[in-house]
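No lab work stands behind these numbers, since they all come straight from the coordinates. Remember, predicted model here, so these are calculated numbers, not experimental data. In this analysis, Cβ positions are derived from the backbone assuming ideal geometry, glycine residues included, and neighbour counts consider all displayed protein chains.
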Amino acid sequence: MSKRSSPKARPSISIVGPGNLGTALALTLPAAGYEVPFLCVRANRPGKTYTKSLAGKIKARVIALGAQPLETEVVWITVPDDAISGLARALAPSQDWKGKIVFHSSGALSSDELAALRDKGARVASVHPMMTFVRGKVPKMAGVSFAVEGDAAAVRMAKTIVGDLGGSAFVIKKQNKVLYHVFGSFASPMVIALMASLEQVARAAGLRRSDVKRVMMPLLMQTLRNHLEQDAASAFSGPLVRGDVATICKHLDELEKLPEAKAVYVALTRAALKLLPVRNRQPLERELKKQ
């Protein structure tokens, strides 16, 4: 973890695009000693209620994109991936960028998305927290890992800010960012997709919606603990470990009623056959070929 910087040396930071991640940063940066004087939004959205409310909480001004210079040492862009490059091009002629540090927080895209600002003299980096951000929840940054890459000065600044937030920064190569982002997708949104399939199957099995989480929680939490404390192979249990081919076949037959859940089940079973200790592997592979 980076050492905490001196409060007097901490730069001011503008947030461009205060969505879920931008909101979390806007609320956690001041607590770490960073002033956030500007929240920058698209010209047609300066009056959005939650943005005004957020600005009030941190004593920031809401300004329209390109309406005035962002007079902070650091500009942190937190818009969706597809908008980053275009936004950088739109910002480039709006002010003098020499000496500025500019971040974006895409997990999949490199700092080259900010090339238009780099060409104007800014030092740029991608700074991605390995954390989930949803409306109404502001996770703590303490203990969160941030993948960082870009210009040396911007990377140094990112490491300092992340350290002050209580997180830890590590440098990632540009060419590895997409797979790094896939890694994060498996750790959060794909898990939620799996939970949605789990809930669908539970309801089909006759469980009341209000009971599903109560019933699954001990199993789910112990499974996660087993994996985190040991490894995937040690945490793996159930009919595949035992080689219960007949049981797996019954599962597949019943899942004909739930084709989306069946597709998930088949995909995960195939992965287990490749990656985890499974008995009766060949008979199971033959059954999967029929699907």
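Excluding LEU273 itself, what net charge comes from residues whose Cβ is under 13 Å from its Cβ, given Lys and Arg +1 and Asp and Glu -1? Net charge in that neighbourhood comes out at +4.
Only four residue types carry charge here, +1 at the Cβ of Lys and Arg and -1 at the Cβ of Asp and Glu. Report the dipole size of the chain about the Cα centre in Debye, rounded to the nearest 20.
Working: 42 positive and 23 negative charges, 93 e Å.
In total the dipole reaches around 440 debye.
Based on DSSP, what percent of beta bridges with both residues in the chain are antiparallel, to the nearest 5? Counting only bridges with both partners in the chain, antiparallel ones make up about 20 percent.
At full extension, ARG156 and ARG203 could sit 11.9 nm farther apart than now, given 0.36 nm per residue minus the alpha carbon distance. The share of alpha-carbon pairs in the stretch 7-176 lying farther apart than 30 Å comes to 7%. Between amide H atoms placed 1.01 Å from N, distances below 5 Å from PHE38 occur with ILE15, ARG61, all of them 5 or more places distant or on a separate chain. The string of couplings for the stretch 161-177 from the Karplus curve (6.51, -1.76, 1.60, θ = phi - 60°) is 5, 4, x, 5, 6, x, x, 10, 10, 9, 7, 10, 6, 3, 6, 9, 5 Hz, one whole number per residue in order, with x for Gly and Pro. Summarising the amide proton neighbourhood of VAL75: residues at separation of 5 or more, or on other chains, whose placed amide H is nearer than 5 Å comprise SER14, ILE101, VAL102, PHE103. Selection among LEU224, GLY33, THR247 by position relative to the dipole of the chain gives GLY33 as farthest towards the positive end (Cβ unit charges, Cα centre). Think of the chain as having a plus end and a minus end, set by charges on the Cβ of Lys, Arg, Asp and Glu; of GLY56, LEU179, ALA235, GLY56 sits farthest toward the positive end of this dipole. Going from the fewest other Cβ atoms within 10 Å to the most, the residues PHE183, PHE236 appear in the order PHE183, PHE236. Charged side chains reduced to their Cβ positions (Lys and Arg at +1, Asp and Glu at -1) give the stretch 188-289 a dipole of some 60 debye around its Cα centre.
Rounded to the nearest Hz, the phi-derived 3J(HN,Hα) couplings of the stretch 225-238 under the Karplus curve 6.51 cos²θ - 1.76 cosθ + 1.60 (θ = phi - 60°) are 4, 4, 5, 5, 8, 10, 7, 4, 4, 5, 8, 7, 9, x, where x marks glycine and proline. Cut-off 10 angstrom, C-alpha nodes, Gaussian network model of the chain. Which of GLY86, GLY136, GLY19 fluctuates the most? Fluctuation is largest for GLY136.
Shown here is the pair-distance distribution of the chain: with all Cα-Cα distances grouped in 10 Å bins from zero up to the longest one, the shares run 6, 23, 26, 18, 16, 9, 2 percent. In a Gaussian network model over the chain where Cα atoms closer than 10 Å are linked, find which of MET141, MET130, MET221 has the largest mean-square fluctuation. Most flexible of the set in this elastic network: MET221.
Taking amide H positions as modeled 1.01 Å from N, with prolines and chain starts lacking one, the residues under 5 Å from ALA169 and 5 or more places away or on another chain are SER2, PHE146.
Going by how many other Cβ atoms sit within 10 Å of their own, how do MET190, MET217 line up, fewest first?
Numbers: MET190 13, MET217 10.
Listing MET190, MET217 from fewest to most nearby Cβ atoms yields MET217, MET190.
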